[in-house]
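Data block below; observations after.
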Amino acid sequence: DCLLSRGLGDVYKRQLPDAGFYLWARVDKLVAISDVEFAKRLYAEYNVTVLPGSYLGREAHGVNPGQNRIRMALVAEVDECLEAAQRIVEFAKQLSSTSA
C-alpha cells in the first residue's frame, strides 16, 4: 500500500487485493500506446522493467485480458520499489503531457 500512497495511486486507479506482490495497471487510459510499447519505453527511458500484460494473457474470443495493462512485480526491497514507482509516475506524466 505504501507504493500506491506515494505516487502510483495518483496515476493508476486500483483495487487492493488481500495479498499479493503483483500490481496490474492499465496504461491505455494514460496514452494511446500499447502495453508492449509502454514497457519497452519505460525500460529504455527510465530503466524500470515491467511486463506487458498481453504477454501474460491468452487471447480468447478475440480478447486478451492482459492487453493494455502492465504487470509490476513488487519483489525488491521497499526503497527500490518506491524508486521504481516514482520513475513510473514520472514516465506516465511525461507520456500524458506529450500526448495532450
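The values are calculated or read from the model by the stated rules, or taken from the named source; none is laboratory data. Note that the structure is a prediction, hence the values are computed from the model and not measured. Reconstructed Cβ throughout: ideal geometry from the backbone, glycine too, with neighbour counts over all protein chains shown. For accessibility, only protein heavy atoms count, side chains too; no ligands or nucleic acids. Shrake-Rupley method; radii C 1.70, N 1.55, O 1.52, S 1.80 Å.
Of the candidates Glu59, Glu90, the single residue that is more than 17 Å from Tyr22 (Cβ to Cβ) and either in contact (Cβ under 8 Å) with a residue 60 or more places away in the chain or surrounded by 12 or more Cβ atoms within 10 Å (Cβ to Cβ) (or both) is Glu90.
Can you tell me which of Gly57, Gly62 is on the phi < 0 side of the Ramachandran plot and small (Gly, Ala, Ser)? After applying the criteria, what remains is Gly57.
In segment 18-41, the residues that are small (Gly, Ala, Ser) form Cβ pairs under 7 Å with partners that are modelled with pLDDT under 80, at six or more places apart or across chains, as follows: Ala25/Tyr12; Ala32/Ser99.
Tell me yes or no: at least one residue of segment 51-62 is modelled with pLDDT of 90 or more, under 12 Å from the mean Cα position of the chain (by Cα) and not hydrophobic (A, V, I, L, M, F, W, C). Scanning segment 51-62 turns up at least one residue that is modelled with pLDDT of 90 or more, under 12 Å from the mean Cα position of the chain (by Cα) and not hydrophobic (A, V, I, L, M, F, W, C). The set of residues from segment 69-87 being open to solvent by 40 Å² or more (accessible area, probe 1.4 Å) and under 13 Å from Asp35 (Cβ atoms) comprises Arg69, Arg71.
Within segment 24-56, the set of residues being open to solvent by less than 70 Å² (accessible area, probe 1.4 Å), in a helix (DSSP H, G or I) and over 15 Å from Arg87 (Cα atoms) comprises Asp35, Val36, Gly53, Ser54.
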